[in-house]
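Only one structure is covered here, and it is reproduced in the block below.
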Amino acid sequence: MRIAVLTEVFLPKIDGVVTRTIRHLDQLAEMGHEVLIFATGNPPREYAGFEVVKVPSLSLRPVYPEIKFGLVGPQIPRRLAQFKPDVVHAISPIWTAGWSTLLADMQGLPIVASFHTDIPEYCLKLGIPWVKPISEWGLRTFHGKAQLNLVTSGPMMEKAAKYGIPNVRLWPKAVDTESFTPSARTTEARARLTGGHPEDPLVLFVGRVSAEKSVERCFPIMEEVRRRIPNARLALIGEGPQYEQLRREMTQDWVTFTGYLSGADLHAAYASGDVLLFPSTTETLGFAALESFASGVPVVAANAGGLPFVVAHGTTGFLVDPSLPDSSWSASIERVLIDDSLHTTMAHNARAEAERWTWKASSETVVGFYEEAIAARASQRG
């Protein structure tokens, strides 16, 4: 099968959407499919043996400098026409991939679009509420051009319906259980993350350091934790728009900022923690939770968005109503840190849950959706 992939985000940026995209591309390569990738920013020339077409783009300054929006010109329709894909997969279509669905539709191509980012909710978190109606229009319009639309968790099926996204299917969750593993834990990583106090309890935050991730809530929650566990420590792994500001403001010696980590460093960091704190309310799935599970680390997460689809309350971690006070969050974290038996059981359950979800099975399901979209487009022509 010949597949054109148009994505709003790609390497060298690393986040949940990019992780899912590159793992899916890995599987498509192993299956023997042909893929042409269109990406914004400064992507590599190729990935997994597939050509990457660089779409000229600009930074979304000053709201979110990391985000690039492509300048959709004649390059995309020309390369699509040359490649003659059997299907087009638009990943998070809101600008580049979004307008490209219109171009692909004009060429009569079957389209699958996947909904990874709740842009309207991001608009509220980022303080630009006037953009919310426009983003809702974009989701409705661009996803409306697709024969099939994919979401990454059960709760997002309802959110997709709210935004008027039709013909929805579930893209199964998956995680790399070979790289993310309890055996990746190292004394060096533990010492680095605890500021040289590896014997102290360690709470992790992994993700973009940005308003939509509610990262600023980690600090008052940890203040509450430290009332009962005075030597508890917090490591923030990641970067983003709020990173430098928080580094300047949060000067307590129990907080460690690592910046972006990847590869073996990231695997070791996950495995060296005791519990992952995940306060975000805008997740469509929550990859950090899955990676934490694979690393044998329980998760305390917001009972919101896609996270209840991942975290089994009382089994692999705890879910907390985000409207509750910080003391409610700290109580769940304290239970995991203080009760060794509970921690061991949850860690075992988390790893077992992660082992159920492989990238091979996930991508095989998506290829089936590609075939369904091709058939649907053919019936529309007929």
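The values are calculated or read from the model by the stated rules, or taken from the named source; none is laboratory data. Here the structure is a predicted model, which means the values were calculated and not measured. A quick note on method: Cβ atoms are made from the backbone with ideal geometry, for glycine too, and the neighbour counts reach across all protein chains shown.
Observations
- Looking at 292, 332, just one residue is free of Cβ contacts under 8 Å to residues at least 40 places away in the same chain, buried (at least 18 other Cβ atoms within 10 Å of the Cβ) and polar (S, T, N, Q), and that residue is 332.
- If you go through the stretch 25-50 and pick out every residue that is part of a helix (DSSP H, G or I) and farther than 19 Å from residue 263 by Cβ, you end up with 5.
- Of all residue pairs spaced 6 or more apart or on separate chains, those with beta-carbon atoms under 6 Å, a first member in the stretch 171-199 that is surrounded by 16 or more Cβ atoms within 10 Å (Cβ to Cβ) and a second member that is of a type in the set (D, E, K, R) and not in a helix (DSSP H, G or I) are 177/355; 194/200; 194/233.
- Members of the stretch 137-162 found to be surrounded by 15 or more Cβ atoms within 10 Å (Cβ to Cβ), in contact (Cβ under 8 Å) with a residue 24 or more places away in the chain and under 20 Å from the mean Cα position of the chain (by Cα), listed by number: 139, 143, 149, 150, 151, 152, 153, 155, 156, 159, 160
- Filter result for the condition that a residue is assigned to a helix (DSSP H, G or I), of a type in the set (A, V, I, L, M, F, W, C) and under 20 Å from residue 142 (Cα atoms), over 17, 9: 17
- Residue list for the stretch 100-136, restricted to those being buried (at least 20 other Cβ atoms within 10 Å of the Cβ) and of a type in the set (Phe, Trp, Tyr): 115, 122
- Any hit, the stretch 296-307, residues being touching a Gly at 6+ places or on another chain (Cβ under 7 Å) and farther than 30 Å from residue 162 by Cβ: yes
- Hits in the stretch 140-162 (condition: touching a helix residue (DSSP H, G or I) at 6+ places or on another chain (Cβ under 7 Å) and either outside the structural domain of residue 363 (by TED's automatic domain parsing) or modelled with pLDDT of 95 or more (or both)): 142, 145, 146, 147, 148, 149, 150, 151
Yes/no matrix, rows are residues, columns are (1) in contact with a Ser or Thr (Cβ under 6 Å, 6 or more places away or on another chain); (2) farther than 30 Å from residue 286 by Cβ; (3) modelled with pLDDT of 95 or more; (4) not aromatic (Phe, Trp, Tyr):
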| position | (1), (2), (3), (4) |
| --- | --- |
| 77 | no, yes, yes, yes |
| 88 | no, no, yes, yes |
| 98 | no, no, no, yes |
| 101 | no, no, yes, yes |
| 112 | no, no, yes, yes |
| 118 | yes, no, no, yes |
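- Test: residue in the stretch 253-265 that is touching a helix residue (DSSP H, G or I) at 6+ places or on another chain (Cβ under 6 Å) and β-branched (Val, Ile, Thr): yes
- Counted as qualifying within the stretch 62-126 are the helices (runs of 4 or more DSSP H) with 1 or more residues that are closer than 18 Å to residue 167 by Cα, namely 96-106.
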